[in-house]
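Worksheet: one structure, shown below.
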Amino acid sequence: MIRERLRPLASQAKRTYVQLMLDVVGRSLEAISQVDDEVRGEVAVLPDGFLFSMQVMPKGPALFIRKQRDGSLQYLGGSVAQRPDLSIQFKHLHHAFLVLSFQEKTAQSFANDRMLVDGDLGYAVRMTRVLNRLETFILPRLVASRAVKEYPDNLGLPEKVFSAARIYLKVAMNFVDTVRSS
Amino acid sequence: MSYYEFFCPVKVIAGQAALEHLPYEFSSRAVKRPMVVTDKGVRNAGLLDKVLAACEEGGMDITVVYDDVPADSSKQTVTAIAKEYRKQKCDGILAIGGGSPIDTAKAVNILVSEGGDDIAQYAGSGVLKRPLKPFFVIPTTAGTGSEVTNVAVIADTEKEVKLPFASGFMLPDAAVLDPRMTLTLPPQITAATGMDAMTHSVEAFTCLAKNPLSDAYAAAAIRKISNNLLKVMEKPDDAERRLELAQASTMAGIAFSNSMVGLVHALGHSLGAACHLPHGLCMSLFLPYVLEYNLEEIREPLSELLLHLAGPEIYAMTPKSQRAEESIATIRKLRDDLHRHCGLPRTLQETGKVEKSQLDRIAQMTIDDGSIMFNPKEASLEDARAVLEKAWA
Ligand SMILES: [Zn+2]
């Protein structure tokens, strides 16, 4: 007998959370790349038009970012027809959830074979540093020190830039609670 | 709780008269006309003849030999060898040599299995989806561990980039370790490649992706290197100890291909590229300084390694709080001894090939190297620069 199985609530919440967080990360990357010298320095090496993506396999939520000619990053949303120059692919929705809910460090997730890198590993190292830097801005200090290997002490960016991201984050955190409690 | 993956499907054929097992191994994969990929150094050292003679005696004449692989293999070399393979209607590959012939053969195997003339189209990880042609490897340096790693790097000399390839399908069917193949390795290369294997093990044991299985291989490899490297320097024709080093190199390769390497390799890749120094030497130059830099992150595993580096007596005599420092001291002493035996440089200055003005550039390259991802401590540009400064003199 064939029976349609309903996707459990926790799994749905996880998917929504990952989708939402990728959107937060995308928007925040765009914002941070316009103002933060450290991120601009990391990004400066990437070729103009460089397309970066983070995706959940197979065909799960994704984010696409393009390096602009002025040295900033542009968030292109969750799908782009072009093949990215560098993609970070989570092997499973749950692995993306672990990283995006800051329960597993990005570098550790790589080390644990939970994600694949397609593209230049040197660029991947740079993008990991950019993501670490981003996390230190959009997260409260306590959570951030868990998500990145070392917490930089030279943060000097105007808080308001990230207030929008923080609001997103609050919404997103509710999903984490939903997932955890189920 | 941790999570890890471990993969090594390579059959290891090791010991006395291991070469004589080749004809059987070829026949077990129905290979009738293998192509040998090697370099001039291997031929001139008489190692190629040993392999061909062992096969001939076993009823297998090997007639297709490409012995012109350059030290830094390029796209063009791969294309040329693949063309020859097709022309000669070969049905398998045997690589003999150090890192360059083995990497080249891995890339050739992709082309002759998947088709086409441009190896660049297969660059990246996870591109290959099915097994390649039968492939066998005989390493002739006890260091790189390439016979058990699933990666290869080939230079695209036109675009001036290095093309990385990674796939489990690139692993050979078997690796043959025969003491005759490393017996004549010159002292400095023996020392440098031994230190490369040592670094693979120590980094595998202390970096982010360490896991119980790679730990077991790494610890055992360190024990073999510690017990045999200096003895081989004293008595280069000791076949038994040569085999110990060859096995250690393969075990270290299995360890690091499953748990990756860290800052020593990131610095070493950069120094090697900037100053054209051999990879093993670069490893030896940075190993103790990087361990000092990482010390507080790796105190526990590094303390554990003292048992394998220095033996049970010294381990027992050293107070627990001093074991990590003692591990570093043991590695420093090994470097001093190697320097006495064969002049293997211990500092950047001693190489005579590095200018102090190059250090900034090398630091910059280091933080862009993929290996830095798995270093237990997140190294900034300033950190990399500081380690270089310490390694200077
Ligand atoms: Zn190495």
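A few notes on this one:
- Part-to-part distance (alpha-carbon centres) for region B:159-231 and region B:329-375, which is given in Å: 18
- In a simple Cβ point-charge model (Lys, Arg +1; Asp, Glu -1; nothing else charged), region B:11-181 has a dipole of about 420 debye relative to its Cα centre.
- Reciprocal mean inverse distance between Cα atoms of the protein assembly as shown - Kirkwood radius, Å: 25.2
- Across all C-alpha atoms in region B:11-181, the radius of gyration and Dmax reach 14.7, 45 Å.
- Working from Cα pairs under 8 Å separated by at least six residues, relative contact order for chain B is 15 percent.
- When only the Cβ of Lys, Arg, Asp and Glu is charged (+1, +1, -1, -1), the dipole of chain B relative to its Cα centre reaches about 440 debye.
- Put simply, when A:86-97, B:135-146 are sorted by average Cβ atoms within 10 angstrom per residue, most first, you get B:135-146, A:86-97.
- Euclidean distance between Cα centres, region B:19-95 to region A:12-55, Å: 48
- The label point for residue B:316 and the one for residue B:239, both projected 7 Å from the Cα toward the Cβ, are 3.6 nm apart.
- Tilt relative to chain B, helix B:323-342 - C-alpha long axis, 0 to 90 degrees, to 10: 60
- Normalised contact order of region B:11-181, rounded percent, pairs of Cα under 8 Å and 6 or more residues apart: 28
- When you count the other C-beta atoms within 10 angstrom of each residue and take the mean per peptide, B:198-205, A:128-135, B:119-126 line up highest first as B:198-205, A:128-135, B:119-126.
- In chain B, the longest principal axis of the Cα atoms and the axis of helix B:47-57 are about 40 degrees apart.
- Centroid-to-centroid separation of region B:261-285 and region A:76-108 [C-alpha atoms, Å]: 31
- Number of partner chain Cβ atoms within 10 Å, mean per residue of B:375-383: 3
- Counting Cβ atoms of other protein chains within 10 Å of each Cβ in A:98-110 and taking the mean gives 2.
- Greater than 28 Å apart at Cα, pairs in B:159/B:390; B:320/B:390; B:224/B:353; B:50/B:129: B:159/B:390; B:224/B:353; B:50/B:129
- Paramagnetic reach from residue B:17 (point 7 Å along Cα→Cβ, amide N under 18 Å) across region B:177-212: B:177-181
- Based on the Stokes-Einstein relation at 20 °C and a viscosity of 1.002 mPa s, and on the Kirkwood radius from alpha carbon pairs, region B:322-393 is assigned a translational diffusion coefficient of 154 µm²/s.
- Average beta-carbon neighbours from other chains, 10 Å sphere, peptide A:121-129: 5
- Each Cα pair under 8 Å and six or more residues apart adds its separation to the average, and for region B:187-392 the resulting relative contact order is 28 percent.
- Dipole check for the protein assembly as shown: with +1 at the C-beta of Lys and Arg, -1 at the C-beta of Asp and Glu, and the Cα centre as origin, the magnitude is about 1580 Debye.
- Per-pair calculated FRET efficiency, R0 = 35 Å: residue B:87 and residue B:27 via Cβ, rounded to 0.05: 0.90
Values quoted throughout were computed directly from the atomic coordinates according to the rules given, and no laboratory measurement underlies them. Since this is a predicted model, take the numbers as computed values, not measurements. Here the Cβ is made from the backbone with ideal geometry for all residues, glycine too, and neighbour counts use every protein chain on show.
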